[in-house]
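First the structure, in the form of structure tokens, and then the observations on it.
We did not get these values from a lab; they are worked out from the coordinates using the rules stated. Keep in mind the model is a prediction, meaning the values are calculated, not measured. Cβ atoms come from the backbone with ideal geometry, glycine included; neighbour counts cover every protein chain shown.
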Amino acid sequence: MKKASKILIFSALSIALIPLPAHQNLANTKEIKMANLTENKILNTSLKNFFKSLHGYYNFSYEKLENERKNCKKNVKDKVELNMCQAYYNQIYNMCRTEGKEWFERNYKNSYDDNNCEFWTINDKFDFEYLKQLNYKICKNSKFANKYNEDITLLEQNQDFKEQKLAYPWQWERVVDKNGIFIHKLYFDGLYDKKVFFGKNAFLMKSIEYNLYGDYMLVILFDEFVNLYNFIDDKYEFCRYYHNLEFSKEALNQKEKITIWIVPIDKRGNLIKTSNKTWYQISDKEDREFYFDKYINHLNKNKE
């Protein structure tokens, strides 16, 4: 197996779900006095803290790199797995930090962009309805129908569509509005986590009602939507991926189509770290259906 493949495998394993313990009082957590925090304020705070944590996971100092390498050596005994562990953090550091410029240009013989692994605001037109219309115009049976001049790409047809602006959402006053809708559509260009945040794909669950960890569980859902963003400037890839765009129970059971992350938080929206992690990817089929059903209930409740 090639070294690159091993690194990717290790990456997948590193974000796999770690079983969470049942709801309990944290030994070192003091009771927090609430200051009339609404659920919307808690949602905004938890999302800002989550975004900052996700950004920090990829953008870290050389000192932290050294600490992570030491942790690998301390916790991993197998020599091959140790090399994979250290290579994983080396790759993130080298690809996401400005300090990696010399390494990147030497190994990839290409110019270095230090805006890797960042958040971006993207065009507000990027939604399901727009993509449906675009699919109708240019695709047929998952293939580019050549209804337009062959030389015109989606990007050329939509000059402002993929316009991006660097963003630091944890510094914003609000991330979602009073209805829980993202104020700006966000794209995170992580090395292993490329995600689009839009609509109402993030919500809170009261943990005690479901015997979960923490005071609330921040739940975030992603789907093939992100792939369409990555390929919006490629008419052939767009048409190939569009037919995968589903948000249903059937699509849920095809894990590559819908991803669910959960983030345990306290009453103020602070992230609770467990097992050295602050967010978890749900992989178990029953758990995925559980959180997806809660998401559908959340949408229906807001319609009332």
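Karplus-based coupling profile of the stretch 178-193, in residue order and whole Hz: 5, 9, x, 8, 4, 5, 10, 6, 10, 10, 9, 9, x, 4, 10, 10, with θ = phi - 60° in 6.51 cos²θ - 1.76 cosθ + 1.60 and x standing for Gly or Pro.
Close amide-amide hydrogen proximity is noted between Thr259 and Phe222, Asp223, each under 5 Å apart and 5 or more residues distant or on a separate chain (H modeled in the peptide plane; Pro and chain starts excluded).
Pairs from the list Lys52/Lys79; Lys52/Lys235; Lys48/Lys301; Lys48/Lys206; Lys178/Lys235; Lys132/Lys257 with a Cα-Cα gap above 26 Å: Lys52/Lys79; Lys52/Lys235; Lys178/Lys235. Applied to the stretch 41-52, the Karplus parametrisation 6.51 cos²θ - 1.76 cosθ + 1.60 on θ = phi - 60° returns per-residue 3J(HN,Hα) values of 5, 5, 4, 4, 5, 5, 5, 5, 5, 5, 4, 5 Hz, with x for Gly and Pro. When you count the other C-beta atoms within 10 angstrom of each residue and take the mean per peptide, 263-274, 68-79, 130-141 line up highest first as 263-274, 130-141, 68-79. Starting from the Cα of Ile183, step 7 Å along the direction of its Cβ; do the same at Lys125; then give the gap between the two resulting points in nm. Here the answer is 2.4 nm between the modelled labels.
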